[in-house]
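One structure is given here, and the rest of the page talks about it.
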Amino acid sequence: MNAQQGVGLIEVLVALLITSVGLLGFASLQAANLNVGDTAWSRSSATVLAADLVDRARVNPGQFATGGYDIAFGASPGSNVDCRATSCTPAQLRNYDLNQWLDRVAQMLPAGQGQARRDTSLSPAVLIVELRWFDRLAQATQTLELRGQP
């Protein structure tokens, strides 16, 4: 009997095993990359959303000055009038802005919530916008705080 019988089959099986381990490693790297990309996307979206509220308060300085843009996590800004379709008072515009902003926060961030408050200890006063969302990679709630001068 020849001692070399079956050696080719073993070589093929070893090569297949090495290739399989390499492909599994590559797949796990791709999955990790997707999670990191999701985290970066959420943080970038939160930054844009926070800046959006600062810009909205900048357009309505009277309401900002009286604390109209202050809102806590989970609070409702009140009734919403569509200010694109009709002329609004500054208070209605504030409610419209906050409703639009909170809707976008909920849509763009996983379990997203937002709050805003004035810091009048500085002159001029600044708006502190804080956003929270669930980060799937860290399996924890992440927070972003942005301070802006409307």
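Candidates Arg117, Arg136: the one that is closer than 15 Å to Gly68 by Cβ and either surrounded by fewer than 17 Cβ atoms within 10 Å (Cβ to Cβ) or out of contact with any Ser or Thr (no Cβ under 7 Å at 6 or more places or on another chain) (or both) is Arg117. May I ask you to verify whether Gly74 is under 23 Å from Leu144 (Cα atoms) and modelled with pLDDT of 90 or more? Yes. Close contacts from the range 86-115, counting a first residue that is assigned to a helix (DSSP H, G or I) and a second that is crowded, with 17+ Cβ neighbours inside 10 Å and basic (Lys, Arg), with Cβ to Cβ under 6 Å and a gap of 6+ residues or different chains, come to Asp97/Arg56.
Scanning the range 53-74 for residues that are outside any helix (DSSP H, G or I) and either farther than 20 Å from Val126 by Cβ or of a type in the set (Asp, Glu) (or both) gives Asp70, Gly74.
Conditions tested, residue by residue: (1) modelled with pLDDT of 90 or more; (2) basic (Lys, Arg); (3) in contact with a Ser or Thr (Cβ under 8 Å, 6 or more places away or on another chain).
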site: Val12; (1), (2), (3): no, no, no
site: Val36; (1), (2), (3): no, no, no
site: Thr39; (1), (2), (3): no, no, no
site: Leu49; (1), (2), (3): yes, no, no
site: Arg56; (1), (2), (3): yes, yes, no
site: Gln63; (1), (2), (3): yes, no, no
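Let's see how each residue does on (1) surrounded by fewer than 18 Cβ atoms within 10 Å (Cβ to Cβ); (2) assigned to a helix (DSSP H, G or I); (3) out of contact with any strand residue (DSSP E or B) (no Cβ under 9 Å at 6 or more places or on another chain):
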| residue | (1), (2), (3) |
| --- | --- |
| Leu34 | yes, yes, yes |
| Ala46 | no, yes, no |
| Ala51 | yes, yes, no |
| Gly78 | yes, no, yes |
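The values are calculated or read from the model by the stated rules, or taken from the named source; none is laboratory data. Note that this is a predicted model, so its numbers are computed, not measured. Positions of Cβ are generated from backbone atoms using ideal geometry, with glycine treated the same way; all protein chains shown enter the neighbour counts.
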